[in-house]
Amino acid sequence: AVMHTSMGDIKLRFFPEQAPKAVENFITHAKNGYYDGVIFHRVINDFMIQGGDPEGTGMGGESIWGAGFENEFDLSVRNFRGALSMAHSAQPNSNGSQFFIVQNNNLNPQYVSMFEELRGKQDEVVTESEEGTVYNRDLMPVEVIDEYIKNGGTPHLDALFNPDGHTVFGHVIEGMDVVDAIAALPVVDAAAENHQPVEDVVINSISFEIAP
């Protein structure tokens with residue numbers, strides 16, 4: 001899909017096998033024009049940009065089913081830089097219409113140290129049970145470590161590190177320069193945690209290069 005914003009286009013690829021409900025929800029909303037005219041109501045440079053709330057407050061929006069739905073976690077997709085992920089509240093099953101795009105490209109040094117340590121412990125056992133043995137390489141393989149360290153992301157939003165993590169259901173494949181530009185905009189009052197851009201950034205429409 002291509003998200004046509006007032007600051008440029010962002011091209012997205014979806015992960016329907018890993019997050020079927022989140023993908024169906026987003027695509028159906030997009031095809032129905034639900035996101036047309038909606039702003040990015042929360043942008044934090046070196047973190048993420050968030051939209052999908054028709055009220056523009058961060059408090060609104062609903063899923064295509066009219067109720068919140070569960071997280072869909074899959075270790076084959078992570079909150080790397082460019083990830084398209086579901087936003088939700090602290091309540092369970094609260095995914096609605098809001099989403100965010102991970103913009104961080106400077107991984108927290110604490111994670112860099114932890115990942116570097118895990119790089120040398122790929123064969124160490126994490127758990128053993130009747131279902132089998134889980135190794136570090138099963139949870140945090142070297143290629144995932146390398147991607148996080150090289151390009152950034154928000155691993156603290158992955159279910160592996162956070163039981164209230166966020167579903168990754170797509171990824172930006174073109175237009176990260178637009179995401180970066182949106183994230184860098186002046187906001188109303190960051191000190192008061194009002195991270196809405198001073199000037200609205202609008203999702204004008206979303207089109208599909210390959211019909212879903």
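Quick notes
- Residue check: N105 meets all listed conditions (1) crowded, with 19+ Cβ neighbours inside 10 Å; (2) polar (S, T, N, Q); (3) within 14 Å of the chain's Cα centre (by Cα) but one, namely (1).
- Verdict on S76 being loosely packed, with under 12 Cβ neighbours inside 10 Å and either touching a residue at least 12 places away in the same chain (Cβ under 8 Å) or not hydrophobic (A, V, I, L, M, F, W, C) (or both): yes
- Test: P186 is open to solvent by less than 70 Å² (accessible area, probe 1.4 Å), modelled with pLDDT of 95 or more and not charged (D, E, K, R): no
- Condition check for F115: of a type in the set (F, W, Y), closer than 30 Å to E62 by Cα, open to solvent by less than 30 Å² (accessible area, probe 1.4 Å) and under 26 Å from the mean Cα position of the chain (by Cα): no
- Every residue from segment 150-179 that is open to solvent by less than 60 Å² (accessible area, probe 1.4 Å), assigned to a loop (DSSP other than H, G, I, E, B) and within 16 Å of F99 (Cα to Cα): T154, D158, G165, H166, T167
- Residue within segment 129-140 that is on the phi < 0 side of the Ramachandran plot, open to solvent by less than 50 Å² (accessible area, probe 1.4 Å) and in contact (Cβ under 8 Å) with a residue 60 or more places away in the chain present: yes
- Within segment 80-92, restricting attention to residues that are in contact with a Gly (Cβ under 9 Å, 6 or more places away or on another chain) and at pLDDT below 95, the residue that is surrounded by the most Cβ atoms within 10 Å (Cβ to Cβ) is S89.
- Taking each residue of segment 181-194 that is within 15 Å of T57 (Cβ to Cβ) and looking for partners that are open to solvent by 70 Å² or more (accessible area, probe 1.4 Å) with beta-carbon atoms closer than 9 Å, six or more apart or interchain, yields V187/R42; V187/N45; V187/V198; V188/V198; N194/R42; N194/V188.
- Single unsatisfied condition, Q110 versus (1) open to solvent by 70 Å² or more (accessible area, probe 1.4 Å); (2) touching a Lys or Arg at 6+ places or on another chain (Cβ under 7 Å): (2)
- Only one of E199, E147 that is open to solvent by 30 Å² or more (accessible area, probe 1.4 Å), at pLDDT 95 or above and not in a loop (DSSP other than H, G, I, E, B): E147
- The residue that is farthest from A1 (Cα to Cα), among those in segment 39-59 that are of a type in the set (A, V, I, L, M, F, W, C) and open to solvent by less than 10 Å² (accessible area, probe 1.4 Å), is V43.
- Pick from segment 2-34, criterion aliphatic (A, V, I, L, M) and in a helix (DSSP H, G or I), ranking: surrounded by the most Cβ atoms within 10 Å (Cβ to Cβ): A22
The values are calculated or read from the model by the stated rules, or taken from the named source; none is laboratory data. Note that this is a predicted model, so its numbers are computed, not measured. Ideal geometry is used to build each Cβ from the backbone, glycine not excepted, and the neighbour counts take in all protein chains shown. The area values use the complete protein model at the heavy-atom level, side chains included, leaving out ligands, DNA and RNA. Shrake-Rupley method; radii C 1.70, N 1.55, O 1.52, S 1.80 Å.
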